[in-house]
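This report refers to the structure that appears directly beneath it.
The values are calculated or read from the model by the stated rules, or taken from the named source; none is laboratory data. All of these numbers come straight from a predicted model, not from anything done at the bench. Because the Cβ atoms are built from the backbone with ideal geometry, glycine has one as well, and the counts that use them run over all protein chains shown. Keep in mind that these areas ignore ligands, DNA and RNA; they rest on the heavy atoms of the full protein, side chains included. Shrake-Rupley method; radii C 1.70, N 1.55, O 1.52, S 1.80 Å.
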Amino acid sequence: MRAHLLHKAPTPPPLRGRSDVARRAQAEKSTRRISLTAAAIFILAAMLWSPAARAQRIDTEHLFGFMIGTDVGELGDKEVEGDTVARWGKRPGSYFAAAPAFEAEFVPVENLRASGTFSAAYHDISGIAGLDDRRQGAFDSLSFELRYRLIDRHERGFGFAIDAEPHWGRVDPMGGEPVDRYGADLSLLFDMELVPDRVLAAFNLTYQPETTHSRGSEAWSRDAVAGLAAGLMVQVRPGVLIGAEARYLRAYQDLALNRFAGQALFLGPTLYARLSKRLWVIAAWSPQIAGRAVNVLGSLDLTNFERHQVKVQFGLEF
């Protein structure tokens, strides 16, 4: 299950002096350089490591951390999955949020994958402008996902699928306050093997609208995130792939994408490993390396997004 990253944006923090801004900008540039260097080394090591063993056929159904592939599994497949997405890093205080989830999926007809998910939410927030201090955990949301493959990569040379995941939630993912929220993740998915059974590239185009009702103020808000993502994975050993994902996200304070709120670029490494015939695991780290929020100084958007996002996921096939 993917994290829903945008909800009603908190009040921007006050502008600070030029010296503070300069120091922050320099620190952020250094962090971006480190992140880019680490990702480059990660991918280069994968490409240089060519094992003698024969590579396995690549399955993109569960390959990336924050992206989605076009594969949907075989007719009759059943699977359970667990994952946690952790997000942290906002100014000027302390911010941490996590969303553990459990998902059950099956393939009822050829080329169609269906799944249902329930998730919880945990927040530890202190000193963040526009957000109440809180430390709490609670049941959060229910969602239902359908993914339909229109073009099979193994038959046409590239894959194309559509994915829709409507959801209902009762906790605001950004601030943790009680709400009723209704939305969906809508995606167009593409992937292609650049080197058969070795190197795979993927591309996602996403739109995530959501309407939120605050139980405290009774106010309604409408938000959306639109974005595109690109990923590259290399099979370095049979059943083990490493690579990187880049995501460019734009936040809006309406559903029609008219009221622009901010933008962020995330780039980080991803690892996929098949531990046994039925068990697999994914780990992905996605730091924000560039961005800007409307009316807020700084080279990152820490109003609508976080500085770091990490996802760990495992699956058990039946």
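Evaluate the range 287-294: report whether one residue or more is farther than 27 Å from Pro92 by Cα, touching a strand residue (DSSP E or B) at 6+ places or on another chain (Cβ under 9 Å) and not hydroxyl-bearing (Ser, Thr, Tyr). Steps first, please.
From the range 287-294, those farther than 27 Å from Pro92 by Cα are none; that's our starting set.
Checked the range 287-294: no residue is farther than 27 Å from Pro92 by Cα, touching a strand residue (DSSP E or B) at 6+ places or on another chain (Cβ under 9 Å) and not hydroxyl-bearing (Ser, Thr, Tyr).
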Check: What number goes with the only condition from (1) among the aromatic types (Phe, Trp, Tyr); (2) in a loop (DSSP other than H, G, I, E, B); (3) surrounded by fewer than 22 Cβ atoms within 10 Å (Cβ to Cβ) that Phe305 does not pass?
Finding: (3)
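Within the range 65-95, can you find the residues that are part of a loop (DSSP other than H, G, I, E, B), touching a residue at least 60 places away in the same chain (Cβ under 8 Å) and of a type outside the set (Asp, Glu)? Even if it seems obvious, please write down each step before you answer.
Looking only at the range 65-95, we keep the residues that are part of a loop (DSSP other than H, G, I, E, B), and these are 65-77, 89-93.
Those left that are additionally touching a residue at least 60 places away in the same chain (Cβ under 8 Å): 65-72, 77, 89-92.
Listed by number, the residues that qualify are Gly65, Phe66, Met67, Ile68, Gly69, Thr70, Val72, Gly89, Lys90, Arg91, Pro92.
Please state which one of Ala45, Ala53, Ala39 is modelled with pLDDT under 95, farther than 19 Å from Gln313 by Cα and either open to solvent by less than 40 Å² (accessible area, probe 1.4 Å) or touching a Leu at 6+ places or on another chain (Cβ under 9 Å) (or both).
Numbers: Ala45 fails: either open to solvent by less than 40 Å² (accessible area, probe 1.4 Å) or touching a Leu at 6+ places or on another chain (Cβ under 9 Å) (or both); Ala53 fails: either open to solvent by less than 40 Å² (accessible area, probe 1.4 Å) or touching a Leu at 6+ places or on another chain (Cβ under 9 Å) (or both).
It is Ala39.
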Notebook entry, point to check: When you go through Ala114, Ala129, Ala98 one by one, which is the residue that is over 23 Å from Gly159 (Cβ atoms) and assigned to a strand (DSSP E or B)?
Noted result: Ala98
Margin query: Go through (1) crowded, with 19+ Cβ neighbours inside 10 Å; (2) at positive phi for Asn295 and report which single condition fails.
Written below: (1)
Note to self: I want to confirm something. Restricting to the range 155-176 and keeping residues that are in contact with a His (Cβ under 9 Å, 6 or more places away or on another chain) and closer than 23 Å to Ile125 by Cα, which single residue is surrounded by the most Cβ atoms within 10 Å (Cβ to Cβ)?
What the structure shows: Met174
Checklist line | Candidate set: the range 224-272, residues that are charged (D, E, K, R) and under 21 Å from Leu297 (Cβ atoms); chosen: the one least open to solvent (accessible area, probe 1.4 Å) | finding: Arg250
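Here is a check on your reading of the model: is Asp133 open to solvent by 70 Å² or more (accessible area, probe 1.4 Å) and either over 21 Å from the mean Cα position of the chain (by Cα) or among the hydrophobic types (A, V, I, L, M, F, W, C) (or both)?
Details: open to solvent by 70 Å² or more (accessible area, probe 1.4 Å): yes; either over 21 Å from the mean Cα position of the chain (by Cα) or among the hydrophobic types (A, V, I, L, M, F, W, C) (or both): yes.
For Asp133, the condition - open to solvent by 70 Å² or more (accessible area, probe 1.4 Å) and either over 21 Å from the mean Cα position of the chain (by Cα) or among the hydrophobic types (A, V, I, L, M, F, W, C) (or both) - is met.
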Check: Name the pairs: first residue in the range 259-273 and touching a residue at least 40 places away in the same chain (Cβ under 8 Å), second residue polar (S, T, N, Q) and open to solvent by 30 Å² or more (accessible area, probe 1.4 Å), Cβ to Cβ under 8 Å, at least 6 apart or on different chains?
Finding: Ala261/Gln253
Notebook entry, point to check: Taking the stated definitions as given, is Pro196 surrounded by fewer than 17 Cβ atoms within 10 Å (Cβ to Cβ) and over 25 Å from Leu232 (Cα atoms)?
Noted result: no
